[in-house]
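Worksheet: the structure to be examined is printed underneath.
What follows is calculated from the coordinates using simple rules that are stated; it is not laboratory data. Model, not experiment: these values are computed from the prediction. Quick reminder, even Gly has a Cβ in these numbers, built from the backbone with ideal geometry, and neighbours come from all protein chains shown.
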C-alpha cells in the first residue's frame, strides 16, 4: 500500500470496519478532492505559495496602489492571472491558515478560535491543528513532493502542532504572530524555529524577510531535481513593522511601505532563483494574503469597505496572483469567486496530471469545502466559480453570506468579542442585503426590494448553522482540533536546545 493510501486510512480509519470499506472510502475521498477534470497535457509543476500577513487588497501596484512600489509582484500579475474576487475564509490569522492547510472552513476543523476564547492561537496554546486532518503538505508529500514551510505558522506552537508534524519536511520560521511577546501574559521572547528547535529568542525581526528568502532559495537548490512545494507565509506587513537596513525608511509609505517593498524584493529573488536553475517554466507561483489590512500605518483595502477582523469585503477579500509561464496566459484577470480553501484540491489535481477524476466536495466521512479551480487558474474563458455560496464567519459567529453578486449581512443580536477581550460583546446589527457589483462600500440595503433573495439567504444560513455551527451551537459536520492537557513555552535553553 503506497503512502497516499496510508494517509487516507489514517484519516478515515475510525469510520470503516473492513479493508473493503477502507479502500472504497479512499477512492471516494481523494477522487472527490477535484471539482473539474484534471489537467492532462502538462507536466506536474513545482508549487510555491507566497502568503503575506495582513496585506490589503489595495496594497499592490497591480491592484491600484500608488503608495507602495511592487514591480516584481506587478510583473507576476502582468505575466499571469490576477484574481479580483478571491477570499480568505477568515478576517484573522489562525483560522485563515487552517483553511489553506485543510481546504476547510475553520469551524469545520475546530480552528475558528483558541480554546481560551481568543480568536487566534496565543503562545503556549494547548490547541492546534488535529493530526487527523489531511493537510496540503501531506497530500503533496504522498505524491512525491518535497515540502517546506518557511515563515509564520500560527496553527499551534507545541511540538505536536508544528509543521513538521503536518507533512512538511522542512520548517524554518516563527510559530505565531510577531506581536505576541506579552510579558504580563507570560509570553516567551519571540522564537525563531529550525525544524522543532528554537535557534534564537528573541529573533531580530528586521532580518526575517531576508532569512526567509535565503531559506527558500536554499530549499529550491536542494530539491531542484525533485518536485517541491514551498509554503512561504511572510511575517509582514503584520504589526509591529520591521525592515532590513536596505529597505528601512526607503519607501514613501513609512515602515508599512518598507515591509511591502522588501516582500516585493523577496519575490523577485525567488523568481530569479527559479530562472537561474531553469525551473521557472516548471513552477506555479501563487501570491496572496491571509486577510485584509488593518488599514492603519499605511495599509489599504481600497476600493473595498472594512478591514482586518471584519466580515466586510476589506476584511476577507484579498489579492491573489497565479503565475506559471507557458501554462497561464499573460495579463489574464479572473473575476470568478475563489478562496484559499481551493489550493489543496487544486494542487492535488496538478500533482496528478492525466487523471480523469472529477470532484465532489462532500463525502460521507471527511468533507472539505474547497474546490479544484485549475480551470480558473489557467484562465479558461468558459470556467465559472464552483461556489454556490461563501460563508463569512467572524470567530464562532456566522455574520454574512455571499451568493453570486449578492451579499447578505445577517441580523445579529450581538457580535462576538473583539480580539482577546472575551468579555466584551458588540452591539446589535441589523440585516442588510448588498449588491456587490454596484456597491463595494456595502452601504445600500436592498432587502426590501428583494425579499425573495432574503428568504434564500435565510435558508442558506440555517443550513450552514446545521452543518458548521454558529455561535454556541455545534454543527453536525464540525470536527475537533487537538487540545493538549498543557502548553509549554518555546524557549532557547543555555545549551541551545528547547
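Can you give the translational diffusion coefficient of the range 390-483 in µm²/s, computed by Stokes-Einstein from the Kirkwood radius over Cα pairs at 20 °C and 1.002 mPa s? Don't jump to the answer; show the numbers that get you there.
Values: Rh = 14.3 Å.
Answer, rounded: 149 µm²/s.
Could you sort the peptides 341-351, 157-167 by per-residue average Cβ neighbour count (10 Å cutoff), highest mean leading?
Values: 341-351: 26.2, 157-167: 21.5.
The most tightly packed comes first, giving 341-351, 157-167.
Which shape class, rounded, prolate or oblate, goes with the range 190-234 when its Cα gyration tensor gives a ≥ b ≥ c as root eigenvalues, a/c under 1.5 marks rounded, and past that a/b bigger than b/c marks prolate? It would help to have the intermediate numbers written out before the result.
Working: a/c = 2.70, a/b = 1.95, b/c = 1.39.
Since a/c reaches 1.5 and a/b is larger than b/c, the shape of the range 190-234 is classed as prolate.
Quick check: convex hull over the Cα atoms of the chain, volume per residue in Å³, rounded to an integer? Show your work: numbers first, answer last.
Details: hull volume 75.3 nm³, N = 498.
Output value, Cα hull per residue: 151 Å³.
Report D for the range 277-412 in µm² per second (integer): Stokes-Einstein, Kirkwood Rh on Cα pairs, 20 °C, 1.002 mPa s. Mind showing how you got there, number by number?
On the way: Rh = 16.9 Å.
For the chosen part, D equals 127 µm²/s.
Defining a contact as two alpha carbons under 8 Å apart and six or more residues distant in sequence, what relative contact order in percent does the chain show?
Here the relative contact order equals 26 percent.
As a test of the formula, what do you get for the chain when each DSSP H run with n ≥ 4 contributes -39,500 (n - 2.57) and the sum is divided by the residue count, at 222 nm and rounded to the nearest 500 deg cm²/dmol? Could you put the intermediate results ahead of the total?
Working: 11 runs with 121 residues, N = 498.
The per-residue figure over the chain is -7500 deg cm²/dmol.
If eta is 1.306 mPa s and T is 10 °C, what Stokes-Einstein diffusion coefficient results for the range 264-321, Kirkwood Rh from Cα pairs, in µm²/s?
Details: Rh = 13.1 Å.
Calculated translational D: 121 µm²/s.
Please give the peptides 317-330, 451-464, 98-111, 205-218 ranked by average Cβ packing (other Cβ atoms within 10 Å per residue), highest first, as a rough proxy for protection.
Top of the packing list down: 98-111, 317-330, 205-218, 451-464.
When the convex hull of the Cα atoms of the range 184-329 is projected onto a plane and the area is averaged over all directions, what value comes out in nm²?
11.4
Extent of the range 214-286 along each principal axis, from alpha carbon coordinates, in Å, largest to smallest?
Principal axes ranked by extent give 41, 20, 19 Å for the Cα atoms.
Out of all DSSP beta bridges in the chain, what portion is antiparallel? Express it as a percent rounded to 5.
Working: 31 of 55 bridges.
The antiparallel proportion sits near 55 percent.
Classify the range 130-183 from the C-alpha gyration tensor, please: rounded if a/c falls under 1.5, else prolate or oblate depending on whether a/b exceeds b/c.
Prolate is the answer for the range 130-183, as a/c is 1.5 or above and a/b outweighs b/c.
If one computes P(r) from the Cα atoms of the range 48-199, what percent of pairs lie at distances over 19 Å?
Details: 6669 of 11476 pairs.
Value for the range 48-199 (Cα pairs over 19 Å): 58 percent.
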